[in-house]
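Rule-based calculations on the coordinates, nothing more; no lab input. Everything numeric in this text was worked out from a predicted model, so none of it was measured. Note that each Cβ is placed from the backbone with ideal geometry, even for glycine, and that neighbours are counted across all protein chains shown.
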Amino acid sequence: MDKVTVLREKTIVKTSIIGMIANVFLSGFKAVIGLMTNSIAIVLDAVNNISDAGSSLITIIGTKLAGREPDKKHPFGYGRIEYLSAMIISVIVLYAGITSFVESGKQIIHPETPDYNAVSLIIVAVAVVVKILLGIYVKGVGVKVNSDSLINSGEDAKLDAIISASTLVAAGIFLIFHISLEAWLGAIISAVIIKSGIEMLRDTISKILGERNDRELAKAIRDTVMSFPDVQGAYDLVLNNYGPDTWNGSIHIEVPDTYSADNLDQLIREITMKVISAHHVILTAIGVYSVNTKDDEVIQAKRRAEEIVFSHEFVRQMHGFYLLKEQKSMRFDIVISFDAKDRRAVYNEVVADVKKSFPGYELQVAMDTDFTEE
């Protein structure tokens with residue numbers, strides 16, 4: 001592993017250990033207080049803290065496994081294990097919410113009178129502050145190192161702070177008005193936790209399934225490729241994610257048809273190295289579109305074809321144009337927006353219109369996808 005990856009792993013493990021230790025201590029204090037005061041809300045909060053400690057342990061294990069070197073069976077590495085650990089944490093959050101909701105329901109049906117005291121409430125108040133600070137810290141580190149597991153753990157810690165704060169509110173209402181509402185508050189907070197767990201799980205599963213290209217990263221890579229003077233266009237960028245900050249992909253470039261094989265080889269090598277250096281993305285393949293530069297008639301034909309293609313509402317791009325006059329052959333690619341009700345119908349209309357303007361020509365038109373389209 002490179003130094004950046006090693007530093008990232010150490011940061012995640014260190015943060016997770018801090019979270020695990022903090023949650024174990026908080027759980028112990030809350031369990032004692034909950035049993036002393038006969039408060040189901042505080043006892044459930046203590047159990048939730050233990051689950052948070054387990055989440056931190058899962059994050060550590062997941063990060064260590066994800067850092068394994070690529071092998072014959074998994075040549076792209078084990079980075080996606082981090083998504084699996086984030087999914088497990090989401091399930092734990094969801095389970096904790098459902099369990100809390102069930103227990104709160106039992107308390108609503110068969111209420112028990114709590115017995116609060118000043119010391120217990122002070123400790124719970126301190127726990128609220130600790131959880132808020134822990135949540136901010138863990139999520140902040142998670143965002144910095146791009147770790148979904150830490151981000152989910154940080155969000156969970158903030159929800160725990162809300163739970164603990166609700167017990168203080170319930171205690172205050174009971175002490176002032178002698179009305180016990182902690183079971184009802186527990187049910188409401190449990191519903192919030194369940195919602196959060198579902199959202200975390202949905203987002204993580206979406207990443208495992210494979211999401212569209214990161215829009216900012218894709219733009220930055222295209223800009224880097226286009227910075228080479230002889231590259232006249234950069235298209236069809238496809239990025240594959242194999243874990244946080246682990247990407248490889250492919251792209252097509254347009255270069256003049258005067259380029260020799262050795263010059264083209266050198267250009268591709270330079271582009272590959274610059275993209276790795278600037279964006280930590282490995283371009284495993286760089287395809288080439290040859291651009292006509294020697295024949296004014298061909299250049300004019302390209303302009304006419306572009307006018308026809310872009311006259312259609314949902315066409316976003318046209319590239320890879322090449323025309324052979326003797327063979328009466330024309331080829332190009334078009335990108336049609338997903339906003340179109342029927343992309344295939346738009347494609348057919350474009351091809352038909354171009355054929356009308358270039359009778360007798362054999363058309364090779366490919367329908368491409370813009371993987372960064374919003």
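In whole percents, the pair-distance distribution calculated for the stretch 96-190 from its alpha-carbon pairs, binned every 10 Å from zero, is 17, 38, 31, 12, 3. Taking only the C-alpha atoms of the stretch 146-217, Rg followed by Dmax gives 17.5, 57 Å. Taking every alpha-carbon pair under 8 Å whose residues sit at least 6 apart, the chain reaches a relative contact order of 13 percent. The sum of -39500 (n - 2.57) across all DSSP H runs of n ≥ 4, divided by the residue count of the chain, sets its helix-only mean residue ellipticity at 222 nm to -22500 deg cm²/dmol. Along the chain, the longest continuous region that contains none of the chymotrypsin sites (Phe, Trp or Tyr not before Pro) in a DSSP loop with at most 14 other C-beta atoms within 10 Å is 77-309.
Using alpha carbons only, how many angstrom separate the centre of the stretch 118-179 from the centre of the stretch 19-75? When both Cα centres are located, 14 Å separates them. The trypsin sites (Lys or Arg not before Pro) of the stretch 9-115 meeting both criteria, a DSSP state outside H, G, I, E and B (loop) and at most 15 other C-beta atoms within 10 angstrom of the site's C-beta, are R68, K72, K73. Taking every alpha-carbon pair under 8 Å whose residues sit at least 6 apart, the stretch 3-209 reaches a relative contact order of 27 percent.
With respect to the chain, whose longest principal axis is taken over its alpha-carbon atoms, helix 343-357 is tilted by about 20°. For the stretch 272-302, the list of trypsin sites (Lys or Arg not before Pro) that fall in a loop by DSSP and count at most 15 other C-beta atoms within 10 angstrom reads K294.
Stokes-Einstein diffusion of the stretch 249-297 at 10 °C, 1.306 mPa s viscosity, Kirkwood radius from Cα pairs, rounded to a whole number: 134 µm²/s. Stokes-Einstein diffusion for the chain at 10 °C, viscosity 1.306 mPa s, with a Kirkwood radius from C-alpha pairs, works out to 64 µm²/s. In this entry, the stretch 1-105 is assigned a mean projected area of 7.3 nm², taken as a quarter of its C-alpha convex hull surface. With R₀ set to 35 Å, the beta-carbon distance separating A340 from T284 gives a calculated FRET efficiency near 0.70.
Coupling constants for the stretch 299-309 follow from the phi torsions by the Karplus curve (6.51 cos²θ - 1.76 cosθ + 1.60, θ = phi - 60°), and in residue order they are 4, 5, 5, 5, 4, 5, 5, 4, 4, 5, 4 Hz; glycine and proline get x. Under 1.5 on a/c is rounded, so check that first for the stretch 215-368, then, if it is not, pick prolate when a/b is larger than b/c and oblate when it is not; a ≥ b ≥ c are the square roots of the alpha carbon gyration tensor eigenvalues. Cα axes put the stretch 215-368 in the oblate bin.
Normalised by the number of residues in the stretch 215-368, what is the relative contact order in percent for Cα pairs under 8 Å and 6+ residues apart? Answer for the stretch 215-368 is 17 percent. Checking the cross-link pairs K73/K139; K10/K139; K10/K274; K73/K274; K325/K355 against a 23 Å limit on the alpha carbon distance flags K73/K139; K10/K274; K73/K274 as lying beyond it.
Among the GluC sites (Glu not before Pro) found in the stretch 16-124, those both in a DSSP coil and sparsely packed, with 15 or fewer other Cβ atoms within 10 Å of their Cβ, are E112. The distance between label points at I18 and T258 comes to 5.9 nm (points 7 Å beyond Cα on the Cα→Cβ vector).
Between N240 and N248, G249, the built amide H atoms are under 5 Å apart, and every one of these is 5 or more places off in sequence or on another chain. Expressed as a whole percent, the proportion of Cα-Cα pairs in the stretch 200-304 lying more than 19 Å apart is 50%.
Between Q317 and V335, the built amide H atoms are under 5 Å apart, and every one of these is 5 or more places off in sequence or on another chain.
Would you tally the net charge around A46, using a Cβ to Cβ cut-off of less than 11 Å, leaving A46 out, and scoring K and R as +1, D and E as -1? Neighbourhood net charge equals -2.
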